[in-house]
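Take a look at the structure below.
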Amino acid sequence: MMLAGTIWQRELVEFAQRRRALVIKLAFPLLVAIPLLFSGAPPIYAAMALTMLVTIIGPLGAGAVLTRERQSGLTLRYRTLPVAPGRLLIERLATNSAIDLLQLAPVLVLIGLRHPSAFAWWPPLLLSVAAVLLIGNLLGAVASTLSDSPGEVMLYVIIPLLPLLYLSGTFTPLTQPALLVVSRLLPFTYLHESLLGALGGAPNLLPWETALGGFGFLVGAAGLIGRLGRRVLESD
């Protein structure tokens, strides 16, 4: 058995050792995606459902795990490590996001196989998925500081996500100029647009615009995690 020498190694070892959780994590996105991709559902509906799937995976997992660790005292032990809080949180959430991306990888591969002609949307899709997963993990980490109950933390995550998804045009196309401006300031817009393009739909943005937005939010999320490290890890 490999001994974990760093935080990210510990996360990977723990994930690999939990075989049942590993199977569930890999199977759950496929159970949602396969009916959408093989039933002939219109791209607009498939993109909506998959956007919601990618959006909720990160915050729900991070919120529940960090809340349990706070209750068990593990977070308190992390504070004794000779590592800056920002770096520690980046290491943890980046690893969690990488695991979430692994969880979604079969779905992304299926999308590529079903719509090979939409290859121009694959890089924007990968960037926007990575950005939303990292931002979602940060949202879950912040929510974990608000309550000692994992169930309550999940509510703190879902409640703000629903209006944000609406403002991103996930549920219905946005036509008002003010709402369009707001949508460009949200990472879920670029995820939805890239999914719509990769599924053969008619997105409102070009592939390079979506890729640029996804990359910008990915870098911005990493910087914000560094700034909020002390707030999340020392909130008790």
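Using a simple spin-label model with points 7 Å from Cα along the Cα→Cβ vector, what separation in nm is obtained for residue 176 and residue 105?
For the pair residue 176/residue 105, the computed spacing is 4.3 nm.
Provide the packing ranking of 208-218, 124-134, 153-163, 187-197, i.e. peptides ordered by the mean count of other C-beta atoms within 10 Å per residue, highest first.
Peptide ranking by packing, descending: 187-197, 124-134, 208-218, 153-163.
Give me the accessible area per residue for the chain, probe 1.4 Å, as a whole number in Å².
50
With a bin width of 5 angstrom, please list the P(r) values of the chain as percents of all Cα-Cα pairs, from the 0 bin to the one holding the largest distance.
Spelled out per bin, shortest first, that is 1, 7, 14, 18, 19, 16, 12, 8, 4, 2, 0, 0.
Cα-based Rg (one decimal) and Dmax (whole number) for segment 104-218, in Å?
Considering segment 104-218 through its Cα atoms, Rg and Dmax are 15.1, 48 Å.
I'd like the distance separating the alpha-carbon centroids of segment 98-124 and segment 157-228, in whole Å.
17
With +1 on each Lys and Arg Cβ and -1 on each Asp and Glu Cβ, and nothing else charged, work out how big the dipole of the chain is about its Cα centre, in Debye to the nearest 20.
Here the chain has a charge dipole of around 440 debye.
Grab the eigenvalues of the alpha-carbon gyration tensor for segment 32-162, scale each by 5, take roots, and send me the semi-axes largest first in whole angstrom. Mind showing how you got there, number by number?
On the way: eigenvalues 205, 56, 22 Å².
The three semi-axes for segment 32-162 are 32, 17, 10 Å.
What percentage of the solvent-accessible surface of segment 77-178, computed with a 1.4 Å probe over protein heavy atoms, is contributed by carbon and sulfur atoms?
With neighbouring chains kept in place, the figure for segment 77-178 is 72 percent.
The values are calculated or read from the model by the stated rules, or taken from the named source; none is laboratory data. From a predicted model like this one, the values you see are computed outputs, not experimental measurements. Cβ coordinates were reconstructed from backbone atoms using ideal geometry, including for glycine residues, and neighbour counts include every protein chain displayed. Heads up: the accessible areas ignore ligands, DNA and RNA and are worked out on the full protein's heavy atoms, side chains in. Shrake-Rupley method; radii C 1.70, N 1.55, O 1.52, S 1.80 Å.
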